[in-house]
Amino acid sequence: MKRFRTLALATSLATGLVVSGQAIAQDKTYTIGVSVPSADHGWTGGVDYFAQAAITRLTKTYPNLKFVLATAADPGKQASDLEDMVSTRHIDALVILPGDPDALTSPIKRVKQAGKFVTVVDRKLSQPGIEDLYVAGDNPGLGRTAGEYFASRFPDGGNIVVLRGLPIPIDKERVDAFNAAISGTKIKVLASQFANWNRDDGFKVMQDFLSRFPKIDAVWAQDDDTAIGAIQAIKQAGRQNDMWVVGGAGMKQAIKEVMDGDKMTPIDVGYDPGMVGTAIELTALKFVGGVPVRGKFIIQSPLITQQNAAEFYHPDSPY
Amino acid sequence: MSATETTLTKREPARRWSPNLRVLGPLLALILLVILGASLNGNFLSPSNITNVLARSSFIGIIAVGATFVITSGGLDLSVGSMAAFLAGVMIIVINALVPRFGTGWSVILIGMAAGVALGGAAGLGNGLLVTRGRIEAFIVTLGTMGIFRSLVTFLANGGTLSLNFDVMDTYNPVYYGSVLGLPVPIIVFAVVAILGDIAMRRMPFGRHCAAIGSNEQVARYSAIHVDTVRLLTYVLQGVLVAVATLLYVPRLGSASSATGVLWELEAIAAVIIGGTTLRGGYGRVWGTVIGVIILSLIDNILNLTNIVSPYLNGAFQGVIIILAVLLQRSRRANQ
């Protein structure tokens, strides 16, 4: 009995030592579930990287925070991940970047109804008011920033082609804002076509545009992967001095080219996958910071020029 | 053997003279597409457009030649797209790793190529052994390896993109962008693979054995055909051809990521079927496959060259043309 008591005392002392110096809230540990799409293209690869980086940092800083990270290739898998997180991992909060927000609205709503704090990243759910915190990039902003740049470069008009992403709402928001920004100028959109935010498709679609139009002054590719494919096609056709290309999202290669003053990549427009890290950090603050974190946090889509490119360059990120 | 050959030569002319829609169907579809394309855009028949289309269909084309053998012998390989991405990733890693020691010359690229081909053969061997020795359905085996290769390339790239060393890229570039006597290299490689494939399919025992196994495995076994060996070889051949396609793919964009080669398996299978090969096995045409591949790329090209349909409907348009092409050959079976 005595021995047992000593043991119990020693244990509590040890625990006390470990957590001492940290606040009263330390008695309770919190589990935060993080659900992101699996790395199926460059940008989601960046999302996974920044999610892991944020989790590693927060686990080190706050021993009373635990994280459950799950990556899902499709909405079905992501919905099952959420069920597991609630029923077997007993999460207190969920940070989710829904691969397909429409399909995941009701699974996320169930998590909310189970009394969990919900943070939604990047994509709007089809029903308002479910999430406690919304952290997102500025999709219309991405289109607008790019459009304004085109308008500034072509005061006297120019012929451009547009390589779109996938036929989903994000793409439409970007394209609509772009069109709004160049409306009223003399810029002529010769054609626009889906290139699926993908290098190979960027290459293919651009090759066809090059044979279709003898005079193209610039290309809006909306995405850096697509832009790299398009640039390769333009070089192959030997027309690299006739036009420049604007991508988007801030891939490190693209930022590097902007930094180096590459003529074909004069600017980039940010849409940083690091936003998932912002969302995880803010959600953690809800439990350890004692500050209000409910609301909307929109991360700007900035114009990245040769002057400020260094600020957006993450050489260690896979994206 | 000689008996088979005489029957074959006897049958050949008869086939050629009767209207064989299984062969003519895809050709007809191709001709219709070319006419459609030419009438919609003046640049459609320009040499640069034609060479672009042919050069970029060479990847799927070379893979589809391999798929023709696999499908003819009653098998299926769903792993080819992921395998191509994985092989491209490994080649890039190998080449980048060798650069500091051996420089940026051809020797490094040749080692990378050899590694790619060896790995491709090994991957095909793995698929083949699981199908023949493991007695697992080809659909299941290759569905499994499809996931494995896709994850491996994602893992190797750390979720991002693997990029080829830029200096090596300059040396390697001509393999995709170069041309010999005015013909781009990928088109030449595709043509050579297709001609060799056609010879193997129609003039060599290997092709006949594939067809025999695909049409009736038991009968083939009783005819002293080494069913398992032939079947295994079709998967190895498929793996090697995926590697050959990858050798051409790497210099194009100098990168591999988890988005590389997505859905190539379906495109290759579609090309094989459009070309008149039976999905159940037993009958295969390499030339048909080549036409199938060109049809698929042309549909894409024509849609990009025009604005006749809303971009939202491109997929539907593609689907309609694919179904029409196959319908043209099915009408022949009804006539028989």
Subject >> Overall Cα dimensions of region B:155-257, principal axis frame, Å, largest first >> reply: 56, 41, 15
Original post:
For chain B, what is the Kirkwood estimate of the hydrodynamic radius, computed as the reciprocal of the mean inverse distance between distinct Cα atoms, to one decimal in Å?
Top reply: 20.8 Å
Original post:
Averaged over A:236-246, how many beta carbons belonging to a partner chain fall within 10 Å of each residue's beta carbon?
Top reply: 1
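Summing both sides, how much accessible area is buried between B and A? Use a 1.4 Å probe and give Å² to the nearest 100.
Summing both sides, the interface buries roughly 2700 Å².
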Original post:
Once label points are set 7 Å from the Cα along Cα→Cβ at both B:Val320 and A:Asn64, what is their separation, rounded to one decimal in nm?
Top reply: 6.4 nm
Subject >> Ordering of A:43-52, B:233-242 by burial proxy (mean other Cβ atoms within 10 Å per residue, highest first) >> reply: B:233-242, A:43-52
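Per residue of A:194-200, how many C-beta atoms from partner chains lie within 10 Å of its own C-beta, taken as a mean? Write out the running numbers ahead of the final one.
Numbers: counts 6, 1, 2, 1, 4, 9, 11.
Rounded to a whole number, the mean comes out at 5.
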Subject >> Area projected by the alpha carbon convex hull of chain A, averaged over all directions, nm² >> reply: 19.5 nm²
Subject >> Kirkwood-based shape ratio for region A:106-146, expressed as Rg/Rh from alpha carbons >> reply: 1.11
**OP:** Kindly state, to the nearest 0.05, the FRET efficiency for B:Ser151 paired with A:Leu166, given R0 = 22 Å and r defined as their beta-carbon distance.
**Re:** 0.50
Subject >> Among B:87-94, A:278-285, the order from most to least packed when residues are scored by Cβ within 10 Å on average >> reply: B:87-94, A:278-285
Subject >> Greater than 27 Å apart at Cα, pairs in A:Lys172/A:Lys296; A:Lys28/A:Lys109; A:Lys204/A:Lys256; A:Lys124/A:Lys286; A:Lys252/A:Lys286; A:Lys186/A:Lys256 >> reply: A:Lys252/A:Lys286; A:Lys186/A:Lys256
Subject >> Span per principal axis, largest first, for the Cα atoms of region A:202-282 (Å) >> reply: 50, 24, 16
Subject >> Check: the protein assembly as shown dipole with +1 on Lys, Arg Cβ and -1 on Asp, Glu Cβ, in debye >> reply: 1600 debye
Subject >> Calculated FRET efficiency for the pair B:Leu279/B:Leu313, C-beta based, R₀ 30 Å, to 0.05 >> reply: 0.65
Original post:
So for the protein assembly as shown: antiparallel DSSP bridges make up what percent, rounded to the nearest 5?
Top reply: 15 percent
**OP:** Starting from the Cα coordinates of region A:130-175, work out the convex hull volume and express it per residue in Å³.
**Re:** 82 Å³
Original post:
How would you rank A:143-155, B:65-77, highest first, on the average number of other Cβ atoms within 10 Å across their residues?
Top reply: B:65-77, A:143-155
**OP:** In Å³ and rounded to a whole number, note down the convex hull volume per residue for the Cα atoms of region A:71-146.
**Re:** 92 Å³
Original post:
Roughly speaking, what is the stretch gain from A:Gln306 to A:Phe213, that is 0.36 nm per residue apart minus the C-alpha to C-alpha distance, in nm to one decimal?
Top reply: 30.5 nm
**OP:** Quick one: which residues, 5+ away or cross-chain, put their amide H under 5 Å from the amide H of B:Thr278? H built at 1.01 Å from N.
**Re:** B:Tyr283
Original post:
Give me the Kirkwood hydrodynamic radius of region A:41-85 in Å, from all C-alpha pairs, to one decimal place?
Top reply: 11.9 Å
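Which FRET efficiency value, to the nearest 0.05, is calculated for B:Trp106 and B:Leu266 with the Förster distance at 25 angstrom and r the Cβ-Cβ distance?
Once the sixth-power term is evaluated, E becomes 0.10.
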Subject >> Estimated distance in nm for a label pair at A:Lys109 and A:Asp262, the labels positioned 7 Å out from Cα along Cα-to-Cβ >> reply: 4.5 nm
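On average, how many beta carbons from a partner chain sit within 10 Å of the beta carbon of a residue in B:152-164?
5
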**OP:** Calculate the dipole size of chain A relative to its Cα centre from +1 charges on Lys and Arg beta carbons and -1 charges on Asp and Glu beta carbons; express the result in debye to the nearest 20.
**Re:** 980 debye
Subject >> Expected 222 nm ellipticity per residue - DSSP helices of 4 or more, -39500 (n - 2.57), all of chain B, to 500 >> reply: -26000 deg cm²/dmol
Original post:
Does region B:26-147 come out rounded, prolate or oblate, given a ≥ b ≥ c as the square roots of the eigenvalues of its C-alpha gyration tensor, rounded meaning a/c under 1.5 and, failing that, prolate meaning a/b above b/c?
Top reply: oblate
**OP:** Using every pair of alpha-carbon atoms in region A:79-202, split the distances into 5 Å bins beginning at 0 and state the percent of pairs per bin, rounded to integers.
**Re:** 2, 10, 17, 16, 13, 11, 10, 8, 6, 4, 2, 1, 0
**OP:** Can you pull the one-decimal nm distance between simple spin-label points at A:Asp316 and B:Arg133, each 7 Å off the Cα toward Cβ?
**Re:** 4.4 nm
Original post:
Hey, what number do you get for chain A at 222 nm if only DSSP H runs of n ≥ 4 count, each worth -39500 (n - 2.57), divided across all residues, to the nearest 500?
Top reply: -14500 deg cm²/dmol
Original post:
Each residue of region B:279-293 in turn: what ³J(HN,Hα) in whole Hz from Karplus with 6.51, -1.76, 1.60 and θ = phi - 60°, glycine and Pro shown as x?
Top reply: 5, 6, x, x, 8, x, 10, 5, 4, x, 4, 4, 5, x, 4
Original post:
A:Lys215: which aspartates and glutamates have alpha carbons under 20 Å from its alpha carbon, excluding same-chain residues fewer than 8 sequence positions away?
Top reply: A:Asp156, A:Asp242
Original post:
So which aspartates and glutamates pass the test for A:Lys60, namely a Cα distance under 18 Å, with those fewer than 8 places away in the same chain ruled out?
Top reply: A:Asp27, A:Glu281
Subject >> Descending semi-axes in whole angstrom, ellipsoid equivalent of the protein assembly as shown, from the Cα gyration tensor >> reply: 48, 33, 23
Subject >> Accessible area of region A:183-319 belonging to carbon and sulfur atoms, whole % at 1.4 Å probe >> reply: 50 percent
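The values are calculated or read from the model by the stated rules, or taken from the named source; none is laboratory data. What you see is a predicted model, and the numbers here were worked out from it, not measured in a lab. Glycine gets a Cβ as well: all are built from the backbone with ideal geometry, and neighbour counts include every protein chain shown. Only protein heavy atoms, including side chains, enter the accessible area calculation; ligands, DNA and RNA are left aside. Shrake-Rupley method; radii C 1.70, N 1.55, O 1.52, S 1.80 Å.
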